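Here the structure comes first, spelled out in structure tokens, and everything after it is commentary.
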Amino acid sequence: MTETNPLAPSASEATAATERLAAWVIGALTAIVIGGVAIVIYAPHGGHAAGSSWLPEINASLNATAAILLATGYVLVRRRRIAAHRACMIAAFAASSLFLITYLIHHARVGSVPFHGPAWLRPVYVGLLVPHIVLAALVVPLALTTIHRAWRGRFDRHRRLARVTLPIWLYVSVSGVLVYVLLYHAGR
């Protein structure tokens, strides 16, 4: 007869504790990212140097790269090429993470960049920018949770959440490129 240790947690309790910890870490990372973006955008800055930085082009390139990787990853998973899908999604996450770093560096230097395009284009710009901002904040916990579920082998839950995460992440990546074009190249 085997003895059980009444003080040792069961496998389900250990899994639940791991999931709680992951949720806490994802929530903390989300708060740090959103707080960091708010600080660099809205904190006072010495001057506006929008034309003197190459980082906006890098940011747009990283967003475009993430979008291509996300779309490729989707095609690969539909074709049951799981290892290639995983590689694409990790690369998309890396591209988006690099984007965030360069975005924070750029906006820490210049703050918020005003729209200087033609007046008739301003509603298009704002109409694209507002959902981009809201969904960019939302995609942080969604992407982290989706990745965490795949990492833990919870593929049923991963698939369900990925169906929500992918279109939002794609919108944020593609609209980020469009925002760049409108902000830095419209009417110039």
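The values are calculated or read from the model by the stated rules, or taken from the named source; none is laboratory data. Fair warning: this is a prediction, and the values are worked out from it, not measured in the lab. Backbone-built Cβ (ideal geometry, glycine too); neighbour counts: all protein chains shown. SASA here: full protein model, heavy atoms, side chains in, ligands and nucleic acids out. Shrake-Rupley method; radii C 1.70, N 1.55, O 1.52, S 1.80 Å.
How many residues does segment 69-90 hold that are closer than 16 Å to residue 151 by Cβ and β-branched (Val, Ile, Thr)? Lay out the reasoning, then the answer.
Within segment 69-90, the subset closer than 16 Å to residue 151 by Cβ is 73, 77, 82-83, 85-90.
Subset that is β-branched (Val, Ile, Thr): 77, 82, 90.
Of the residues in segment 69-90, 3 are closer than 16 Å to residue 151 by Cβ and β-branched (Val, Ile, Thr).
Taking the conditions exactly as written (over 19 Å from residue 151 (Cβ atoms), crowded, with 18+ Cβ neighbours inside 10 Å and of a type in the set (Ser, Thr, Tyr)), does residue 65 satisfy them or not?
Spelling it out, residue 65 is indeed over 19 Å from residue 151 (Cβ atoms), crowded, with 18+ Cβ neighbours inside 10 Å and of a type in the set (Ser, Thr, Tyr).
Got a sec? Which of 38, 94, 17, 31 is free of Cβ contacts under 8 Å to residues at least 24 places away in the same chain, farther than 30 Å from residue 184 by Cα and either touching a Gly at 6+ places or on another chain (Cβ under 9 Å) or in a helix (DSSP H, G or I) (or both)?
When all the criteria are applied, what remains is 17.
Specify the residue that is nearest to residue 94 (Cα to Cα); the eligible residues are those in segment 147-175 that are of a type in the set (Ser, Thr, Tyr) and open to solvent by less than 30 Å² (accessible area, probe 1.4 Å). Full working, then the answer.
Applying the first criterion (of a type in the set (Ser, Thr, Tyr)) to segment 147-175 yields 165, 171, 173, 175.
The next check asks that each one be open to solvent by less than 30 Å² (accessible area, probe 1.4 Å); those that pass are 165, 173, 175.
Working: 165: 16, 173: 13, 175: 18 Å.
Restricting to residues being of a type in the set (Ser, Thr, Tyr) and open to solvent by less than 30 Å² (accessible area, probe 1.4 Å), the top hit is 173.
Show the residue pairs meeting these rules: Cβ distance below 7 Å; 6+ apart or different chains; first residue within segment 107-131 and touching a residue at least 40 places away in the same chain (Cβ under 8 Å) and closer than 19 Å to residue 173 by Cα; second residue among the aromatic types (Phe, Trp, Tyr) and surrounded by 14 or more Cβ atoms within 10 Å (Cβ to Cβ).
125/115
Residues of segment 85-100 being open to solvent by 30 Å² or more (accessible area, probe 1.4 Å) and among the aliphatic types (A, V, I, L, M), which ones?
Answer for segment 85-100, where residues must be open to solvent by 30 Å² or more (accessible area, probe 1.4 Å) and among the aliphatic types (A, V, I, L, M): 87, 89, 90, 91, 94, 98, 100.
Do you know which of the residues in segment 101-146 that are among the polar types (S, T, N, Q) and under 25 Å from residue 165 (Cβ atoms) is surrounded by the most Cβ atoms within 10 Å (Cβ to Cβ)?
Among residues in segment 101-146 that are among the polar types (S, T, N, Q) and under 25 Å from residue 165 (Cβ atoms), the one surrounded by the most Cβ atoms within 10 Å (Cβ to Cβ) is 146.
Just for segment 63-108: of the residues that are among the β-branched types (Val, Ile, Thr) and in contact with a helix residue (DSSP H, G or I) (Cβ under 7 Å, 6 or more places away or on another chain), which one is farthest from residue 33 (Cα to Cα)?
So the first thing to find is which residues in segment 63-108 are among the β-branched types (Val, Ile, Thr), and the list is 65, 68, 72, 75, 77, 82, 90, 101-102, 105.
When the remaining residues are screened for being in contact with a helix residue (DSSP H, G or I) (Cβ under 7 Å, 6 or more places away or on another chain), the result is 65, 72, 77, 102, 105.
Details: 65: 21, 72: 26, 77: 29, 102: 13, 105: 13 Å.
In this case the residue turns out to be 77.
Evaluate the following for residue 183: is it under 23 Å from residue 122 (Cα atoms) and modelled with pLDDT under 95?
yes
Within segment 47-55, does at least one residue satisfy the condition of being under 18 Å from residue 159 (Cβ atoms), aromatic (Phe, Trp, Tyr) and open to solvent by 70 Å² or more (accessible area, probe 1.4 Å)?
No: zero hits.
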